[in-house]
Amino acid sequence: QVQLVESGGGLVQAGASLTLSCAASGRAVNDLGMGWFRQAPGKDREFVGIIVSGGWTVYADSNEGRFRISRDNAENTVNLQIDRLKPEDTAVYYCATHSLGLYDVPGNYDYWGQGTQVTVST
């Protein structure tokens with residue numbers, strides 16, 4: 001089975017940058033699409049972006065240029081860099097393996113990590 005472990009979250013100040021990591025085991029991260037989602041309390045899980053097997057990325061329309069996904073094939077990790085953090089970015093951030101279908105639909109992903117909490121203070 002595939003295991004995904006997110007890390008790098010925490011309490012950060014608005015305007016700062018933060019990089020989250022997703023360490024994968026059981027599957028090479030460059031063998032499939034690796035997506036990032038986030039979920040705030042009381043909200044639906046929201047698509048952030050994905051890096052596909054070919055290495056290019058697709059982001060949500062609300063990206064605003066503040067999110068950037070990359071991967072380290074040697075480490076078998078996928079990273080999510082968030083710049084100019086806003087309080088609205090406060091959420092649990094998840095990485096997941098894409099299965100089939102549209103990128104922005106959580107149900108189209110099969111394996112998920114436990115998530116890492118990002119809290120942005122004002």
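The values are calculated or read from the model by the stated rules, or taken from the named source; none is laboratory data. Note that the structure is predicted; figures quoted are calculated from it, not measured. As a convention, Cβ positions derive from the backbone with ideal geometry for all residues, glycine included, and neighbour counts pool all protein chains shown. With ligands, DNA and RNA removed, areas are computed over all heavy atoms of the protein, side chains included. Shrake-Rupley method; radii C 1.70, N 1.55, O 1.52, S 1.80 Å.
Would you say residue 77 is closer than 17 Å to residue 23 by Cα, in contact (Cβ under 8 Å) with a residue 12 or more places away in the chain and open to solvent by 20 Å² or more (accessible area, probe 1.4 Å)? Yes: the conditions hold for residue 77.
Hey, could you check region 89-118 for residues that are in contact (Cβ under 8 Å) with a residue 12 or more places away in the chain, open to solvent by 50 Å² or more (accessible area, probe 1.4 Å) and not β-branched (Val, Ile, Thr) and say which is farthest from residue 15 (Cα to Cα)?
Going through region 89-118, the residues in contact (Cβ under 8 Å) with a residue 12 or more places away in the chain turn out to be 89-98, 103-106, 109-118.
Restricting the remaining residues to those that are open to solvent by 50 Å² or more (accessible area, probe 1.4 Å) gives 103-105, 110-112, 114, 117.
Those still in the list that are not β-branched (Val, Ile, Thr) too: 103-104, 110-112, 114, 117.
Details: 103: 28, 104: 26, 110: 33, 111: 31, 112: 28, 114: 26, 117: 17 Å.
Restricting to residues being in contact (Cβ under 8 Å) with a residue 12 or more places away in the chain, open to solvent by 50 Å² or more (accessible area, probe 1.4 Å) and not β-branched (Val, Ile, Thr), the top hit is 110.
So is residue 4 over 21 Å from residue 63 (Cβ atoms) and in contact with a strand residue (DSSP E or B) (Cβ under 6 Å, 6 or more places away or on another chain) or not? Walk me through how you get there before you give the answer.
On the way: over 21 Å from residue 63 (Cβ atoms): yes; in contact with a strand residue (DSSP E or B) (Cβ under 6 Å, 6 or more places away or on another chain): yes.
Considered against the rule, which asks whether it is over 21 Å from residue 63 (Cβ atoms) and in contact with a strand residue (DSSP E or B) (Cβ under 6 Å, 6 or more places away or on another chain), residue 4 comes out as yes.
Please work out which residue is nearest to the chain's Cα centre (by Cα), limiting yourself to region 63-82 and to residues that are of a type in the set (Gly, Ala, Ser) and assigned to a loop (DSSP other than H, G, I, E, B). Walk me through it before giving the result.
If we filter region 63-82 for residues that are of a type in the set (Gly, Ala, Ser), which is where we start, we get 65, 70, 74.
Going one step further and asking which of them are assigned to a loop (DSSP other than H, G, I, E, B), we end up with 65, 74.
Working: 65: 15, 74: 19 Å.
If we take residues in region 63-82 being of a type in the set (Gly, Ala, Ser) and assigned to a loop (DSSP other than H, G, I, E, B), then 65 is nearest to the chain's Cα centre (by Cα).
Scanning region 8-18 for residues that are within 18 Å of residue 114 (Cα to Cα) and surrounded by 13 or more Cβ atoms within 10 Å (Cβ to Cβ) returns 8, 9. Can you name every residue in region 1-22 that is among the aliphatic types (A, V, I, L, M), within 15 Å of residue 76 (Cα to Cα) and part of a strand (DSSP E or B)? Those that are among the aliphatic types (A, V, I, L, M), within 15 Å of residue 76 (Cα to Cα) and part of a strand (DSSP E or B): 4, 5, 20. Tallying residues that are closer than 22 Å to residue 101 by Cα, open to solvent by less than 50 Å² (accessible area, probe 1.4 Å) and part of a strand (DSSP E or B) within region 23-56 yields 11.
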